[in-house]
Every structure is written in structure tokens, then in C-alpha cells.
Amino acid sequence: MSSNGPCDWPQKCTYEEARAHFVATLLGFGIEQQEARCEADLALQHVTKLAAHELLLNAKTRLPDADSQALAAILEKRRKRVPLQYVLGETYFCGLKFAVGPGVLIPRGDTETLVLAASEFIKGRDISTSLLEVGAGSGAIVVTLLKLFPQLVATAFEISPQAAHFCRVNAICHGVAERLTLIEDDYLEGLAKLAPSNRFDLFLSNPPYIPIDVAAGLAPEVIGHEPRLALVAGVDGLGFYRNFAKLLPGLEATAHAALMVEFGDGQGESLTDLFGESGWCDLHILSDLGGRPRVLTSSGCR
Ligand SMILES: C[S@@+](CC[C@H](N)C(=O)[O-])C[C@H]1O[C@@H](n2cnc3c(N)ncnc32)[C@H](O)[C@@H]1O
């Protein structure tokens with residue numbers, strides 16, 4: 001690692017100098033400035049075990065050599081464009097820490113819109129709620145909801161053994177594993193095997209929805225490292241929803257069961273038609289915090 005800035009990197013650097021070096025190195029890899037700054041803060045907090053304000057207070061303090069070496073090792077992995085969350089083995093979603101690593105999708109901030117919509121639905125009920133999630137990944141959605149609502153029980157399908165492993169770990173870490181039935185199977189096979197006694201109030205999914213030709217243009221961190229199975233769904237990105245919409249009518253649901261699915265850019269209208277044709281009504285589209293249409297909801301009647 002060549003020297004960069006006033007300190008003799010990776011030795012004899014203050015926290016402030018180490019941060020500047022980290023940012024400059026990421027910029028050199030082609031990572032955009034705001035992302036580089038954010039990653040530098042996360043990496044420093046992870047390595048030093050100090051909170052953001054403690055790092056600021058100690059800006060002029062010399063960083064222990066072991067910590068500089070740990071930062072240098074992180075930068076080596078980022079040079080290969082391994083996502084920072086995989087390197088650190090963790091990320092945050094809805095304010096909760098989730099274990100992540102190769103084989104599982106890194107939960108995205110956009111998905112908090114789906115969690116918010118589901119929370120409103122669950123809050124509005126005065127009895128216990130049973131939800132079904134298809135494609136649990138790290139458990140970001142289902143574990144967050146179970147943590148928020150002690151009266152909630154959930155069944156979740158996940159086809160990838162690596163992703164199911166992370167989901168299990170996260171459910172245990174957040175103390176909700178007893179209320180989660182995680183089925184490590186293709187939902188196309190598994191849904192038909194569910195006992196009729198499973199009646200659901202809420203159907204959720206953030207499925208793979210990226211069209212094949214769009215996938216090629218994704219950031220190297222995404223297309224080179226995150227699981228394709230979690231991202232790509234056929235030529236128009238709607239393959240997963242078509243199958244899901246077909247299977248849903250065969251499932252046991254309570255009288256006012258709701259459906260909520262996340263979708264990608266430009267897919268809202270097609271999805272409204274698709275689920276409308278499957279008998280779902282009162283269909284609404286919610287936008288994410290960036291103002292982009294992101295979640296289709298239906299409150300019942302099918
Ligand atoms: C976009 S990721 C969402 C993960 C997580 N729910 C989240 O929001 O971060 C979609 C997930 O669906 C899973 N998946 C894809 N096809 C599946 C199938 N046929 N049956 C069950 N899970 C599937 C993928 O492995 C992946 O974990």
C-alpha cells in the first residue's frame with residue numbers, strides 16, 4: 001500500500017489521516033465520493049469499535065497499528081469491489097444489525113418502505129397476525145417485523161441455503177427464531193405442501209425483479225458479488241411475480257388478508273394489472289423515500 005497523505009500509511013496515522021487515506025483510496029477505485037466517505041466512517045467504527053462521535057473527539061489521536069492494518073486489509077478487498085457489507089460481515093436495516101456475507105442479498109434502504117407498509121397493516125389489527133414471506137434472504141423484512149410485533153408469527157421461504165443460513169442466524173440474534181418457520185425450499189414447490197391449517201393475514205415479497213439486460217449494467221459490487229438468484233428475474237423482471245400471483249389464490253387466507261410486494265423501476269403498472277387479474281383489489285402503489293414507486297399493496301378481496 002503506497003503512502004497517501006501526511007502520515008506514513010499504514011503506520012503512524014491519526015484517525016483523521018486514516019479516514020482521509022481510506023476515502024482517497026476508494027475514490028481511486030472509482031467509488032463515488034459520498035459512498036466513499038460513508039464507507040470510511042463505517043469501516044473505522046467497525047475496526048476501532050468506537051462510535052462516530054468518539055472518532056470525532058479522537059480525530060488527532062494515533063490509530064493503533066493493528067487497526068491501520070485491519071483498514072488496509074479492508075481496502076484490499078474493496079479493490080476487488082467486494083461489497084463493504086460482505087467484508088465487515090454486517091449491515092444495518094431499519095436500525096437493526098444483520099449478519100450478511102457471500103450468498104445473501106445485502107438488504108437495501110428502499111425495502112424499508114415495504115416494512116413500513118406491513119407495520120401499518122399489523123398495527124391496525126387487534127389480534128395476532130400470521131404472515132408469509134417468499135424470498136426471505138437475510139431475514140431483513142421478516143426478522144424486523146417479528147422484532148417489532150411480539151404478537152406476529154411468520155412463515156418464510158428461501159431457496160438459497162446460504163441465504164437461509166443468514167436468515168436463521170439473524171432470527172436467533174434478534175430473539176425471534178421461535179416465531180419464525182423458515183422453509184429452505186423453492187416456494188413454487190413448497191407452498192403446495194403447506195398444511196391447510198396455515199392461514200395467512202399478510203403475504204409479503206421483495207423478489208428478484210431486475211430484467212436480464214439491466215443486470216449487466218449494475219455496479220461491480222452487485223453484479224460481481226451478490227447472488228444472481230436474488231436479483232434477476234427473466235427478460236422483463238416480472239417472472240417471479242407471475243408465478244407468485246398464480247399460486248396465491250391456492251393459499252389459505254383470512255377474510256381481509258393483504259398483499260405487499262416490492263418492485264423495480266417502471267414495473268408498477270404491469271404489476272397492478274397482473275395482481276388485479278388474479279383477483280386482488282384495492283391496489284395501491286407506495287413510493288420509497290426517494291419518491292420512486294416501490295411497493296404494491298392490496299388489502300384483501302380476492
Ligand atoms: C431480492 S432478494 C430479497 C431478500 C430479502 N427479503 C430482502 O428484502 O433483503 C430475493 C430472495 O428470494 C430468494 N428466492 C429467489 N427465488 C426463490 C424461490 N423460487 N423460492 C424461494 N426463494 C427464492 C432469493 O434467494 C433471495 O434471497
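The values are calculated or read from the model by the stated rules, or taken from the named source; none is laboratory data. Remember, predicted model here, so these are calculated numbers, not experimental data. When we count neighbours, we look across all protein chains shown, and the Cβ atoms used for this are built from the backbone with ideal geometry, even at glycine.
Annotation note: of LEU283, LEU202, the sole residue that is under 18 Å from VAL134 (Cβ atoms) and among the aliphatic types (A, V, I, L, M) is LEU202.
Just one residue in the set THR155, THR181 is assigned to a strand (DSSP E or B), surrounded by fewer than 19 Cβ atoms within 10 Å (Cβ to Cβ) and within 15 Å of the ligand (Cβ to nearest atom); that residue is THR181.
The single condition among (1) loosely packed, with under 14 Cβ neighbours inside 10 Å; (2) part of a loop (DSSP other than H, G, I, E, B) that ILE31 does not satisfy is (1). Region 203-302 holds strands (runs of 3 or more DSSP E) entirely within its bounds, and those carrying 1 or more residues that are surrounded by 21 or more Cβ atoms within 10 Å (Cβ to Cβ) map to 253-262, 293-298.
Residues checked against (1) assigned by TED's automatic domain parsing to the domain that holds SER128; (2) within 22 Å of LEU247 (Cβ to Cβ); (3) under 16 Å from the mean Cα position of the chain (by Cα):
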site	(1), (2), (3)
GLN151	yes, no, no
ALA154	yes, yes, no
ARG168	yes, no, yes
VAL176	yes, no, no
ASP186	yes, yes, no
GLY190	yes, yes, no
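Of the numbered criteria (1) more than 13 Å from the chain's Cα centre (by Cα); (2) more than 14 Å from GLU262 (Cα to Cα), the one GLU133 fails is (2). Close contacts from region 206-234, counting a first residue that is in the same structural domain as PHE244 (by TED's automatic domain parsing) and a second that is more than 8 Å from the ligand (Cβ to nearest atom) and among the hydroxyl-bearing types (Ser, Thr, Tyr), with Cβ to Cβ under 7 Å and a gap of 6+ residues or different chains, come to PRO207/TYR241; HIS225/TYR86. Restricting region 184-199 to residues that are part of a helix (DSSP H, G or I) and hydrophobic (A, V, I, L, M, F, W, C), the residue that is nearest to the ligand (Cβ to nearest atom) is LEU188. Residues that are more than 9 Å from the ligand (Cβ to nearest atom), surrounded by 18 or more Cβ atoms within 10 Å (Cβ to Cβ) and not in a helix (DSSP H, G or I) within region 158-177 comprise just one, VAL176. Quick check: anything in region 130-143 of a type outside the set (A, V, I, L, M) and either away from the ligand (no atom under 13 Å from the Cβ) or out of contact with any helix residue (DSSP H, G or I) (no Cβ under 8 Å at 6 or more places or on another chain) (or both)? There is at least one residue in region 130-143 that is of a type outside the set (A, V, I, L, M) and either away from the ligand (no atom under 13 Å from the Cβ) or out of contact with any helix residue (DSSP H, G or I) (no Cβ under 8 Å at 6 or more places or on another chain) (or both).
Considering only residues of region 223-266 that are touching an Asp or Glu at 6+ places or on another chain (Cβ under 8 Å) and of a type outside the set (A, V, I, L, M, F, W, C), which is farthest from ASP110 (Cα to Cα)? Out of the qualifying residues, it is THR254. Name the single residue that is farthest from the ligand (Cβ to nearest atom) among those in region 89-129 being assigned to a helix (DSSP H, G or I) and polar (S, T, N, Q). Going through the qualifying residues, I end up with SER119. The residue pairs whose first member lies in region 237-249 and is at positive phi, whose second member is modelled with pLDDT of 85 or more and outside any helix (DSSP H, G or I), and whose beta carbons are closer than 7 Å, counting only pairs six or more residues apart or on different chains, are GLY237/TYR209; GLY237/ILE210; GLY237/PRO211; GLY237/GLY264; GLY237/GLN267.
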